[in-house]
Amino acid sequence: MSDTQTIDKMVSQPYKYGFVTEIEYDEFPKGLNEDVVREIWKRRGEPEFMLEFRLKAYRNWLKMEEPMNWPNLDIKPIKYDEITYYSAPKIKKQLNSLDEVDPVLLETYEKLGIPLSEQKRLANVAVDAVFDSVSVATTFREKLKEAGVIFCSISEALKEYPELVQKYLGSVVPSNDNFFAALNSAVFSDGSFVFVPKGVKCPMELNTYFRINNEESGQFERTLIVAEEYASVSYLEGCTAPQFSTNLLHAAVVELVALDHADIKYSTVQNWYAGDEEGNGGIYNFVTKRGICKGDFAKISWTQVETGSAITWKYPSVILKGDNSIGEFYSVALTNKMQQADTGTKMIHLGKNTSSTIISKGISAGKSNNSYRGLVKIGPKATGSRNYSQCDSMLIGNNCGAHTFPYIQQQNSKSSIEHEATTSRVGEDQIFYLQQRGLSEEDAISMIINGFCKDVFAELPMEFAVEAQKLLGIKLEGSVG
Amino acid sequence: MQAKETLQSLIQNHSFQLEFLSDYRNAALERFKSIKFPTNRDEEWRFLNLKDIARADFKLSTASNIQVDVTPYLLEEAIDSTLVFVNGFFRQDLSRIENLPKGACLKTFSDAGEPQYNELETHLGSLIHPKDDFFVELNSAIVDNGVLVFIPKETKFESPVHILNLVTKEAEGAVIAPRCVILADAFAKATIIEDFIGLGEFEYLNIPVAEIRMAEGAHLQHYRIQRESKKAFHINRLGTKVDQNADYQSYTIHFGAKVSRSDVRADLTGEQSNSILDGLVLINGEQESDTHTLMHHQQPNCTSHQLHKVVVDDKAHSVFNGKIWVDQIAQKTDSFQENRNILLSDNGTVDTKPQLEIFADDVRCSHGATVGQLDEEEVFYLKSRGLDELTSKELLIYGYALEVIENLEVESLKKQLSAYVSTYAHQVTEHLPA
């Protein structure tokens with residue numbers, strides 16, 4: 001497509017990315033009841049079935065008990081009555097140049113190696129025409145459309161493809177799955193919807209798009225990704241740059257559905273505000289992520305780099321229902337200061353000859369606590385299945401903790417499970433060796449940590465892998481010595 | 001279990017023999033009253049099927065002087081240091097204690113004298129952390145005898161101590177509560193065998209509790225062999241305190257019982273101490289076996305090692321939960337845990353949960369867990385040497401199980417156990433597809 005054509009196209013279509021969205025200024029009551037759920041449904045203009053979906057979830061949620069006595073997690077009570085469950089789209093204050101941005105933030109961007117144009121976007125500085133993210137995003141959108149890939153917000157999808165959403169929403173994470181999933185199902189604000197039709201290989205990594213079009217999707221995010229037969233897609237959420245939020249609780253739900261021979265790769269880089277040295281503030285990140293390999297030879301792969309949040313509680317899981325399907329989980333979880341992370345995965349083998357791999361690297365520093373909690377279950381019919389798990393922990397400093405809780409269950413005699421876990425520290429001799437080669441102590445440690453996490457970073461899309469490495473270095477600054 | 005009230009009134013109306021334990025029993029009974037029977041909703045009891053125990057009605061065991069032939073179970077090394085209990089009651093006529101080293105004590109609670117009462121009162125219940133444990137409190141509420149072992153400073157027990165707990169048909173439907181307190185003074189050395197044997201196929205509930213306190217530099221080998229009736233329930237708990245430079249080696253072997261559960265806890269409370277908690281579980285039929293261990297490193301520079309091997313066949317179900325806990329001050333800890341499971345049948349289940357809880361940074365801790373089958377290549381190798389398929393598999397299972405038994409230092413016991421392993425290996429390979 002020539003430039004002229006692009007421009008023409010731009011001009012001729014309605015200007016939908018600007019600020020014409022009607023903004024609700026009226027107050028929305030705090031707290032949650034059936035009327036609030038109805039009001040959310042009404043304001044979002046969703047189809048009929050969604051009301052039922054939300055109300056059912058809400059009623060389930062009422063019956064559920066909030067999990068308060070979790071091992072290894074210290075959680076301050078969450079006041080559900082003080083949350084506003086509907087937030088109108090917000091306009092951020094536009095800044096005129098990078099000079100107005102908090103220098104600390106800029107320094108972070110600099111260290112992460114984020115390009116100038118993107119720094120501006122992240123800090124919400126008005127971007128000049130050449131780098132207009134909207135136009136780039138539109139080009140991407142065209143490309144996806146050509147391929148037949150649907151990629152839009154879930155509220156848009158509910159309007160334009162209600163049957164598709166109805167078919168798959170809640171099919172992997174039922175609305176009564178757990179306390180936070182039920183809450184999310186009742187009140188979810190927005191999120192992404194991806195649908196890759198039969199035989200289509202998504203022409204680009206959806207992260208590329210995402211970086212350009214990273215909207216604030218609020219406290220209760222909902223993501224649904226469906227890959228039909230022989231389709232494949234790679235999706236990245238989050239961002240290495242620090243993200244701030246005024247909300248204490250973030251309870252997202254992500255569902256992945258892979259049909260025969262489909263391949264979904266989902267990567268997360270999470271760097272929410274983690275609270276101060278004493279653990280005040282910071283976000284509770286309680287996420288339910290689950291994928292199902294519905295068809296034979298399907299593959300779902302989770303990669304996550306968790307560095308932020310006061311408390312991270314998430315177990316991206318794969319249900320291996322189709323024969324010969326594959327599940328993967330690669331994770332780096334870093335905690336510092338007073339952070340707590342309780343993360344891991346569940347691999348539920350139901351189909352024959354299914355296989356799963358778990359590589360988890362936990363790094364604890366400061367006064368933080370880092371737990372791996374996982375389940376590998378091979379059912380009676382899942383003959384010929386295999387699992388390999390490796391959970392390594394590294395401790396930096398003497399006030400932190402590392403824990404592993406792997407649950408392993410096998411119910412047939414033609415499968416095998418291997419699990420390994422180690423806990424160690426950065427060796428003095430390793431640091432000495434690198435220092436002797438001319439590296440500073442901090443660089444040496446950063447290099448050792450990155451080597452420790454190499455297996456996971458290798459799974460990330462390239463540009464994010466580079467940033468993730470730097471991110472770990474920044475996060476650990478000052479904690480070593 | 002029948003209404004707890006019924007059991008409580010049974011206990012209240014029972015005439016116990018040992019008066020000096022009555023306060024201890026009564027206090028435990030009070031606690032027992034407020035404890036609920038564990039269910040699968042309790043994390044510690046999540047996988048074990050306790051329904052059969054919950055359904056059964058139990059009475060308290062009563063003394064009888066029936067004739068029992070103990071010769072097949074005697075160990076020649078321990079011929080002068082054997083204590084025999086039948087259905088929970090000490091049998092002087094079957095036991096033999098001779099040539100004890102000077103100052104040593106190997107007595108039942110009933111034979112212990114005044115000074116040892118005090119000793120017992122201090123130590124009973126001090127190491128098992130019985131809070132909220134249904135079966136420990138039940139044991140404490142009905143404990144009426146037990147074994148007290150004291151090994152004096154710098155003394156060595158030349159021959160192993162064999163504590164033989166036999167259960168006969170007379171105790172069908174009974175609860176039996178063996179108890180054992182072992183005190184090893186500084187640099188003492190001994191081998192102690194607790195042996196649980198059911199004579200026949202019938203139902204009963206055996207809930208042994210053992211407590212071990214090891215002073216500086218003490219060495220202890222401790223074997224617990226569970227070969228209960230295949231219809232019995234066996235739920236046992238052990239707590240050990242290992243002081244500076246002490247070395248504790250525990251081997252737990254589970255062959256019998258319909259439902260068995262073993263809770264082992266080793267507290268490494270002194271620097272440079274070492275502990276081994278090895279285990280072997282061979283089960284088939286509809287057996288359930290659950291092993292929970294806790295290796296608690298409380299001081300720096302300690303080492304620990306754990307090898308837990310399991311073979312599961314038929315509809316059997318095995319559970320393993322091994323915890324390594326390293327306190328913040330326990331720097332330079334070196335701890336290793338390995339759990340290997342062989343699952344031979346499609347109806348069997350293996351649940352395992354190796355667990356690390358580390359609060360110190362300069363440590364080396366690792367664990368590994370595998371669930372799998374016999375190695376095809378190993379089978380092939382043996383076949384290429386002229387063995388048939390079944391014999392090859394039998395041999396491999398035998399060798400696999402023997403890795404744990406080989407470490408035992410009592411030859412005659414090793415022989416008895418190897419014979420059992422060999423029978424088991426033959427039994428489980430018989431029906432394998434050739």
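The values are calculated or read from the model by the stated rules, or taken from the named source; none is laboratory data. Computed from a prediction, not measured in an experiment: that's the story for all the values here. All Cβ positions, glycine included, derive from the backbone under ideal geometry; neighbour counts span all protein chains shown.
Observations, loosely collected:
- Comparison of B:Asp290, B:Asp313, B:Asp351 shows that the only residue that is touching a residue at least 60 places away in the same chain (Cβ under 8 Å), in contact with a Phe, Trp or Tyr (Cβ under 9 Å, 6 or more places away or on another chain) and either facing chain A (nearest Cβ under 7 Å) or of a type in the set (S, T, N, Q) (or both) is B:Asp351.
- When the strands (runs of 3 or more DSSP E) confined to the stretch A:144-243 are screened for residues that are of a type outside the set (Lys, Arg) and at pLDDT 85 or above, those reaching at least 3 such residues are found at A:192-196, A:222-227, A:232-238.
- Test result for A:Lys414, buried (at least 19 other Cβ atoms within 10 Å of the Cβ) and among the basic types (Lys, Arg): no
- Among the residues of the stretch A:379-406, those that are within 8 Å of another protein chain (Cβ to nearest Cβ), in a strand (DSSP E or B) and aliphatic (A, V, I, L, M) comprise A:Leu395, A:Ala402.
- Number of the exception - A:Lys414 against (1) in contact with a Gly (Cβ under 9 Å, 6 or more places away or on another chain); (2) assigned to a helix (DSSP H, G or I): (2)
- Within the stretch B:316-338, residues that are closer than 30 Å to B:Ser260 by Cβ and facing another protein chain (nearest Cβ under 9 Å) sit with their Cβ atoms under 7 Å from residues that are in a loop (DSSP other than H, G, I, E, B) and aromatic (Phe, Trp, Tyr), at 6+ positions apart or across chains, in these pairs: B:Val326/B:Phe359.
Residues checked against (1) surrounded by 13 or more Cβ atoms within 10 Å (Cβ to Cβ); (2) out of contact with any Asp or Glu (no Cβ under 8 Å at 6 or more places or on another chain); (3) part of a helix (DSSP H, G or I):
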{"residue": "B:Glu5", "(1), (2), (3)": "no, yes, yes"}
{"residue": "B:Ser9", "(1), (2), (3)": "no, yes, yes"}
{"residue": "B:Leu21", "(1), (2), (3)": "yes, no, yes"}
{"residue": "B:Ala27", "(1), (2), (3)": "yes, yes, yes"}
{"residue": "B:Phe37", "(1), (2), (3)": "yes, yes, no"}
{"residue": "B:Arg41", "(1), (2), (3)": "no, yes, no"}
{"residue": "B:Leu48", "(1), (2), (3)": "yes, no, no"}
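- Flag for A:Gly366 being closer than 26 Å to B:Gln328 by Cα, more than 9 Å from chain B (Cβ to nearest Cβ), in contact (Cβ under 8 Å) with a residue 60 or more places away in the chain and within 25 Å of the chain's Cα centre (by Cα): yes
- Residue within the stretch B:191-204 that is in contact with a Gly (Cβ under 7 Å, 6 or more places away or on another chain) and farther than 19 Å from B:Lys59 by Cβ present: no
- Qualifying residue in the stretch B:182-204 (condition: of a type in the set (Val, Ile, Thr), in the same structural domain as B:Lys51 (by TED's automatic domain parsing) and in a loop (DSSP other than H, G, I, E, B)): no
- Flag if A:Glu467 is part of a helix (DSSP H, G or I), without any contact (Cβ under 8 Å) to a residue 12 or more places away in the chain and within 24 Å of A:Thr268 (Cα to Cα): no
- The stretch A:276-326: number of residues that are assigned to a strand (DSSP E or B) and either among the acidic types (Asp, Glu) or on the phi > 0 side of the Ramachandran plot (or both): 1
- Every condition in (1) at the interface with chain A (Cβ under 7 Å from one of its Cβ atoms); (2) buried (at least 22 other Cβ atoms within 10 Å of the Cβ); (3) within 32 Å of the chain's Cα centre (by Cα); (4) of a type outside the set (S, T, N, Q) is met by B:Asp361 except one, and the failing one is (3).
- Of the strands (runs of 3 or more DSSP E) that lie entirely inside the stretch B:234-303, those containing 1 or more residues that are in the same structural domain as B:Phe202 (by TED's automatic domain parsing), under 27 Å from A:Gln411 (Cα atoms) and more than 11 Å from the chain's Cα centre (by Cα) span B:259-268.
- Candidate set from the stretch B:366-389 (those that are of a type in the set (A, V, I, L, M, F, W, C) and within 32 Å of the chain's Cα centre (by Cα)); member that is farthest from the other protein chains (Cβ to nearest Cβ): B:Leu374
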